[in-house]
Amino acid sequence: MRVRLGINTCFAVKRWPRPVDWATLVRDDLGLDLVELSLDLLEGIETAEGRRRVAHENRAALEAAGLTAVGTFTGLVAYSRNLLLHPDPIARREALRWYETVVDLSAALGVSGVGGHVGALSAPDWRDPSVVAERWAGLKVDLATLSARARRVGLEYFLIENLVPVREPATMAQVASLLTPGDRDHVPVGLCVDLGHECVPGAEGPEGDPYAWLARFGAELLEVQLQQSDAAGDHHWPFTAERNRQGRIEAGRVLDTLAESGAAEVTLILEMIPSWEQPDNELRADLVASVEYWRKAIAERGLAGEAAR
């Protein structure tokens with residue numbers, strides 16, 4: 001198994017919004033060369049000119065720092081919306097258009113894929129099984145539309161992730177029903193497993209076990225997002241000594257489970273979302289500690305790829 005280690009740029013929101021600043025931190029402080037671009041930092045993409053500017057600025061910063069961007073991923077801004085599962089059909093169409101814009105932007109950025117949060121059912125819709133079925137069928141149609149557009153613009157995959165609320169793709173069965181292998185006209189719709197999202201209310205047994213998710217989907221995973229969390233919540237803690245004592249995510253066990261699942265190549269992306277009040281220098285230290293924690297476990301197993309040096 002080959003492992004690449006990188007980081008989602010969500011840590012930089014409101015702190016290091018300029019690409020040159022977060023790129024320098026990733027290179028000089030963390031020693032990584034792989035990033036995933038949070039859409040929260042890709043601002044002003046509503047117009048063609050804005051998308052050209054964002055693509056140019058980010059590509060220039062990545063090249064100057066010697067970094068590779070593996071993909072774009074939704075952040076907290078998009079996650080606050082219902083998107084492709086909104087109860088209003090006009091809002092769903094607008095969400096589809098927004099995602100199409102993100103697909104085009106991702107191609108302009110030169111990354112391989114795009115994805116993240118795709119939608120959340122409203123509370124009233126969730127209570128009506130017939131509406132749930134209708135929304136889910138519509139979601140599959142929209143994902144096919146997006147995977148076709150991704151193929152046309154030269155991307156390699158579209159990602160969905162397992163999430164926490166029961167009204168979003170949260171169970172193994174829900175997630176599996178959305179995955180597609182891709183064909184000549186569509187890129188694959190693949191899975192990103194977030195190791196802090198197995199805290200869905202009411203989840204029991206394997207559904208609430210991050211290692212069971214890795215064992216179930218490991219051989220077909222495109223990405224694993226890393227955060228330290230316990231079974232009680234989606235905390236996005238760093239991998240510091242203190243948080244590692246509180247959390248249940250063990251780097252060695254994650255890597256061993258992936259290897260046993262039959263995974264051949266896995267991209268591991270650190271996704272740490274700090275509290276707004278945390279001092280910048282303290283956050284920087286948490287990021288460094290987290291990278292070193294995972295780098296050590298990867299090196300001990302001889303799994304380091306070119307992006308986990």
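Structure data summary
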| quantity | calculated |
| --- | --- |
| Order of exposure, largest accessible area first, which applies to K140, K296 with probe 1.4 Å | K296, K140 |
| Accessible surface of the stretch 34-174, 1.4 Å probe, proportion on carbon and sulfur as whole % | 54 |
| Rounded if a/c under 1.5, otherwise prolate or oblate - the stretch 1-102, Cα gyration tensor axes | prolate |
| Gap separating the Cα centres of the stretch 42-83 and the stretch 141-159, nearest whole Å | 18 |
| Surface accessible to a 1.4 Å probe, per residue, for the residues of the chain, Å² | 42 |
| Computed over the stretch 123-197: relative contact order in percent, which uses C-alpha pairs under 8 Å that are six or more apart | 32 |
| Local electrostatic count at L258 - Lys and Arg +1, Asp and Glu -1, tallied over other residues with Cβ under 15 Å | -4 |
| Estimated [θ] at 222 nm from DSSP helical runs (n ≥ 4, -39500 (n - 2.57)) normalised by residues in the chain, nearest 500 | -13500 deg cm²/dmol |
| Charge sum, other residues only, whose C-beta stays under 11 Å from A91's C-beta, Lys/Arg counted +1 and Asp/Glu -1 | +2 |
| Counting DSSP beta bridges with both ends in the chain, the antiparallel % (nearest 5) | 10 |
| Residue (of L5, P89, L42) at the positive-pole extreme of the stretch 1-108, dipole from beta-carbon charges | P89 |
| Share of carbon and sulfur in the accessible heavy-atom surface of the stretch 222-300 [1.4 Å probe, %] | 47 |
| Rounded accessible area of W98 (nearest 10 Å², 1.4 Å probe) | 60 |
| Computed accessible area, D128, all protein chains, 1.4 angstrom probe, square angstrom | 60 |
| Test item: Cα-centred dipole of the stretch 35-129, Lys/Arg +1 and Asp/Glu -1 on Cβ, debye | 100 |
| Dipole of the stretch 134-228, positive direction: furthest Cα of T145, V200, T180, with charges on the beta-carbon | T145 |
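The values are calculated or read from the model by the stated rules, or taken from the named source; none is laboratory data. Please read all numbers here as calculations on a predicted model, not as lab measurements. No Cβ is skipped: glycine too gets one built from the backbone with ideal geometry, and neighbour counts run over all protein chains shown. Heads up: the accessible areas ignore ligands, DNA and RNA and are worked out on the full protein's heavy atoms, side chains in. Shrake-Rupley method; radii C 1.70, N 1.55, O 1.52, S 1.80 Å.
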